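One structure is given here, and the rest of the page talks about it.
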Amino acid sequence: QSFKLLGFLDVQSVPCARESVLYGSLGSLVVGLGHFLATSRVRRSCDFAVGGFISTMLGYWFYCRYNLAQQRIRQRMLKEGMKNRILFEGSYLDPEKKQTGNERSDS
């Protein structure tokens with residue numbers, strides 16, 4: 001059973017969705033309560049809480065997705081490097097292999 005927020009956002013399977021909603025609700029609580037304690041205006045504080053939820057959720061969503069994309073790029077580069085290491089290990093293309101004078105004259 002999956003939980004869908006607003007009927008379309010599957011919180012369990014979409015990366016970063018769960019954390020974004022949790023941080024958004026925490027941001028909503030902080031902003032709404034803070035505004036209420038400062039002004040004692042209930043309706044306006046609820047408006048600020050909704051705005052705090054949206055801005056915190058979207059802010060964390062973009063931050064998390066950016067980090068996820070960077071991590072996937074690093075994983076792809078590491079996978080390619082490991083594949084090349086296995087492919088070239090022991091050959092004359094191996095960058096870690098010391099080249100002697102005889103090997104240089106052959107190439």
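Key figures for this structure:
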| quantity | calculated |
| --- | --- |
| Unique residue being surrounded by 10 or more Cβ atoms within 10 Å (Cβ to Cβ), modelled with pLDDT under 90 and assigned to a helix (DSSP H, G or I) when the list is Val14, Val50, Val21, Val30 | Val21 |
| Any pair with Cβ under 6 angstrom, 6 or more apart, that starts in region 61-74 at a residue that is touching a residue at least 40 places away in the same chain (Cβ under 8 Å) and within 17 Å of Arg18 (Cβ to Cβ) and ends at one that is in a helix (DSSP H, G or I) and open to solvent by less than 90 Å² (accessible area, probe 1.4 Å) | Trp61/Ser20 |
| Which listed residue is at pLDDT below 75, among the aromatic types (Phe, Trp, Tyr) and either in contact with a helix residue (DSSP H, G or I) (Cβ under 9 Å, 6 or more places away or on another chain) or open to solvent by less than 60 Å² (accessible area, probe 1.4 Å) (or both), from Tyr60, Tyr92 | Tyr92 |
| First in region 13-31 and without any contact (Cβ under 8 Å) to a residue 40 or more places away in the chain, second anywhere and of a type in the set (Gly, Ala, Ser) and surrounded by 15 or more Cβ atoms within 10 Å (Cβ to Cβ), Cβ under 6 Å, 6 or more apart | Gly27/Gly52; Ser28/Ala49; Ser28/Gly52; Val31/Ala49; Val31/Gly52 |
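The values are calculated or read from the model by the stated rules, or taken from the named source; none is laboratory data. As the structure is a computational prediction, the values presented were derived from the model and not from experiment. Because the Cβ atoms are built from the backbone with ideal geometry, glycine has one as well, and the counts that use them run over all protein chains shown. Areas reflect the complete protein model, heavy atoms only, side chains present, ligands, DNA and RNA absent. Shrake-Rupley method; radii C 1.70, N 1.55, O 1.52, S 1.80 Å.
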